[in-house]
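Take a look at the structure set out below.
The values are calculated or read from the model by the stated rules, or taken from the named source; none is laboratory data. Computed from a prediction, not measured in an experiment: that's the story for all the values here. Glycine gets a Cβ as well: all are built from the backbone with ideal geometry, and neighbour counts include every protein chain shown. Ligands, DNA and RNA are stripped out before the accessible areas are found, and what is left, the full protein with its side chains, is counted by its heavy atoms. Shrake-Rupley method; radii C 1.70, N 1.55, O 1.52, S 1.80 Å.
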Number of protein chains: 2
Amino acid sequence: MLYVKTPEEVLDLIQNTFSAVADVEYVPLASAIGRVLAEDIAAEEYVPDFNRSTVDGYAVHARDTFGCSEAIPAMLPVAGEVLMGQAADFVLQMDACCIVPTGGALPEGADSVVMVEYTENFGDGLIGIGKSVAPGDNVIFRGDDVYPGKVVLQKGRVLGAQDIGALAAIGKVSVPVRKKLLAGIISTGDELVPAEEQPKHGQVRDVNSYMLSAMMEAFGVQTINYGIVIDDTALLSEKMAQAVTECDLVLISGGSSVGVKDATCSMIESMGELLVHGIAMKPGKPTILGKVQEKPVFGLPGHPVAAYFVAKLFVLPLVGILMERTMTQYTVTAVLSESLSANQGRAQYQCCHLAQQDGQVIAYPIRSKSGLITTLAGADGYFSIARDCEGLPKGAQVQVVVSIGE
Amino acid sequence: MLYVKTPEEVLDLIQNTFSAVADVEYVPLASAIGRVLAEDIAAEEYVPDFNRSTVDGYAVHARDTFGCSEAIPAMLPVAGEVLMGQAADFVLQMDACCIVPTGGALPEGADSVVMVEYTENFGDGLIGIGKSVAPGDNVIFRGDDVYPGKVVLQKGRVLGAQDIGALAAIGKVSVPVRKKLLAGIISTGDELVPAEEQPKHGQVRDVNSYMLSAMMEAFGVQTINYGIVIDDTALLSEKMAQAVTECDLVLISGGSSVGVKDATCSMIESMGELLVHGIAMKPGKPTILGKVQEKPVFGLPGHPVAAYFVAKLFVLPLVGILMERTMTQYTVTAVLSESLSANQGRAQYQCCHLAQQDGQVIAYPIRSKSGLITTLAGADGYFSIARDCEGLPKGAQVQVVVSIGE
């Protein structure tokens, strides 16, 4: 007999039951943003691969400048000029200098660069250096930034634009990433019609399959939509078996019917193992999780708001594990606009609007009478109220998970 | 003569100079996530479109239950049963009840539902009601959630999974969104080679065009990459003219050369209007913004870290204006791991790693010696130090803009 688990217990169980299954594929650098890096990336070369000037000026041996000043400049003949993007294929002898541009290579021998602002051209190829430099001044030495073997990016990271830049710098134009998983999505309920149909009296439109598909897609998971299945155990069983075979995970969002919930449980038990039957959270209690052919099968609540929270709180972390994706979730500290009561005994999740005001972020809880849509539409994020908490007063600090555009 | 502007002045100028140009297109609901909504969306019907039970139980006239108790139940004959997804096409008379499932429609006349837990079946079609209900109990009335004309989502919003759900509920299967803009990307510099090539001595790989393309793509902008242009004013002028004609905005990331910067300025001045020449920020000072054929042309710094910040801080807000996208940026409050000095007079931007520790988020500044890559690779976000600030002590609170996977 399975008892109702706390959200923490469910997350632990997911962590301990499932592991990475997504294969590795190589994608061109230009399509790698947002993908999950599948291997640590180490540099294979030096960046820069030459001693590089960070200023426009004159490459020198530093000690040729020691003791000089504007009044008594060090006089150095120009031994050459390095052009941008060109090799400095000569050696700079002592008592000489060499013109280098910002980003240009230093000739061998030179250990520092004097900024052009501190020099004076005396003509006849003679440069007066008016300020001394120390070795290393205004130079990035070969490998200062990256050297062979240095790990630049760690596996599991979701690649951002800054990482794409780093990969370009070390010449990684083919990037090992996790293949996208495939999620099968099934909606159940005699009352559901597809969103493009006009509901008849007593019917409502299917919300969950659209919402869940969109959420999966935004998280880098492809989906197969198996449509709406009526409350018929044989039909549902058939669809579920098909989805388990074809996909990496299956999300069944239950109608309101107790029968379908029971049928989903029995099917999971007959085909695999039932792991979770009920989570102590509000909304979201009637949630089922099982393992069939080693693949996760979620039975989500039919109520869209409940399905939303279960998907955000449990399905996404599960996908993270299947893709060995480093899951990071940073929250925004906000101030509650009004007091909020809570059910003790169940962790409570609350959608909210956010607004910036006087340097603070204000969280406005979205209340509605068991709303199907208004609680979700336009929500900027959500926060939770712990299960041992009776409620939060107006002005309390809440940690909001922002979810705009995802 | 243009003087160096503060970041705030540049943002104001962008706001006052440019406006929405992106056309509207209709996309299927299944592809609308992450897109910018182009119109307010109002419901055209009621949701639910019928009085709906929120529990399994018996629909009643509430006043038939007034005064009843477990000891003295109200005895009501069952006048019918409503099936899930079916119309309740009869009228419930007084002194009778009707079986309804969770989510089922109430028959006309019924104003409340008694949960099955508070009833007893006495056989012969007689139900004993053990707990009184008030009108409205356990019912969502027609239109309680949404009614015709109610604005469900506001234009400018970047659609998330919750919004896709809401659109499904009201049958909006074709969604008006902003067309993706097209950004032209040009890298300049004699020292640059494409990322797939091995740099020769004195050369480095082009980082900016990959990084900027990826950032644009993640922000919903398509790109044309015009490749690397050497420091040749005629060539650059030709490419810029082509890019301005073909794209909605142009990003030229400068080599390190002063000549290219000057050439970019002159070209913008000869073809249009120069708006910004230098921003009081670090890194990022050598930034140019102009308007050519009413289109924005950015000259970004050649240094990748500087280009990154200029793109995040100015190019993305500009794209937001061109797409009439509601720009929301919430920051994560973090504690600085070490003290950090700053240049007074210029706003300073600093990449950092983030880590959760003892319920706090710690920001670790990524330091490097004018690093091209290490400052960016793996950065979890960034924060700013105000221009009138000399530095921040260890333990100071910073507001971090998180940028993982984007």
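Overview of values
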| quantity | calculated |
| --- | --- |
| Considering only the stretch B:102-226, percent of DSSP beta bridges that pair antiparallel, nearest 5 | 35 percent |
| Closest approach to the B/A rotation axis among chain B Cβ atoms, residue and whole-Å value | B:Thr333, 3 |
| Charge sum, other residues only, whose C-beta stays under 14 Å from A:Glu45's C-beta, Lys/Arg counted +1 and Asp/Glu -1 | -1 |
| Solvent accessible area, Å² - B:Glu390, 1.4 Å probe, full protein context | 130 Å² |
| Spin-label pair B:Ile72/B:Glu108, simplified geometry with 7 Å Cα→Cβ offset, distance in nm | 3.4 nm |
| The stretch B:36-156: C-alpha pair distances exceeding 25 Å, % | 30 percent |
| The stretch B:332-402, relative contact order [Cα under 8 Å, separation at least 6], % | 49 percent |
| 10 Å Cβ neighbours from other chains, averaged over peptide A:136-144 | 2 |
| Of all accessible heavy-atom area on chain A, the percent that carbon and sulfur account for (1.4 Å) | 48 percent |
| Relative contact order (%) - the stretch B:52-140, alpha-carbon pairs under 8 angstrom, separation at least six | 44 percent |
| Rough spin-label spacing in nm, given labels placed 7 Å along Cα→Cβ, for A:Arg142 and B:Phe122 | 9.9 nm |
| Candidate lysines - alpha carbon under 19 Å from A:Lys180, same-chain residues fewer than 8 apart omitted | A:Lys155, A:Lys295, A:Lys312 |
| Solvent exposure ordering (accessible area, 1.4 Å, most first) of A:Glu45, A:Glu217, A:Glu70 | A:Glu70, A:Glu217, A:Glu45 |
| Net charge of Cβ neighbours under 10 Å - reference A:Met215; Lys, Arg +1; Asp, Glu -1 | -1 |
| Candidates B:Val193, B:Val139, B:Val292: whichever shows maximal mean-square fluctuation once chain B is modelled as a Gaussian network with Cα springs under 10 Å | B:Val139 |
| Share, in percent, of DSSP beta bridges within chain B that are antiparallel, nearest 5 | 70 percent |
| Accessible area in the full protein assembly, largest first, 1.4 Å probe, for B:Ser213, B:Ser266 | B:Ser266, B:Ser213 |
| Volume in Å³ per residue [convex hull over Cα atoms, computed for the protein assembly as shown] | 171 Å³ |
| Cα-derived Rg over Rh, computed across chain B with Rh taken as Kirkwood radius | 1.21 |
| Computed accessible area, B:Tyr210, all protein chains, 1.4 angstrom probe, square angstrom | 50 Å² |
| For B:Gln293, net neighbour charge (Lys/Arg +1, Asp/Glu -1) across residues whose Cβ lies under 12 Å away | -2 |
| For the stretch B:312-328, 3J(HN,Hα) per residue [Karplus equation, 6.51 cos²θ - 1.76 cosθ + 1.60, θ = phi - 60°, Hz, x = Gly/Pro] | 5, 8, 10, 5, 5, x, 5, 4, x, 5, 5, 9, 6, 9, 5, 8, 10 |
| Chain A: calculated mean residue ellipticity at 222 nm from DSSP helix runs of at least 4, using -39500 (n - 2.57) | -5500 deg cm²/dmol |
| Quotient of Cα Rg and 2.2 N^0.38 Å for the stretch B:239-340, N being how many residues it contains | 1.20 |
| GNM top mover of B:Asp206, B:Asp89, B:Asp40 - chain B, alpha-carbon springs below 10 Å | B:Asp89 |
| Average other protein chain Cβ within 10 Å of Cβ, residues B:190-196 | 6 |
| Computed accessible area, A:Leu340, all protein chains, 1.4 angstrom probe, square angstrom | 10 Å² |
| Per-selection metrics, the stretch B:332-402 (Cα): Rg and Dmax in Å | 11.7, 35 |
| Choice from B:Leu322, B:Leu236, B:Leu126 with maximal GNM fluctuation in chain B (Cα, 10 Å cutoff) | B:Leu126 |
| Solvent exposure ordering (accessible area, 1.4 Å, most first) of A:Thr17, A:Thr65 | A:Thr17, A:Thr65 |
| Distance between the stretch B:171-247 and the stretch B:302-341 - C-alpha centres, whole angstrom | 19 Å |
| Mean separation of Cα contacts under 8 Å, 6 or more apart, over the residue count of chain A: relative contact order % | 16 percent |
| Distance in nm between pseudo-label sites at A:Ala42 and A:Thr328 (7 Å out along the Cβ direction from Cα) | 2.3 nm |
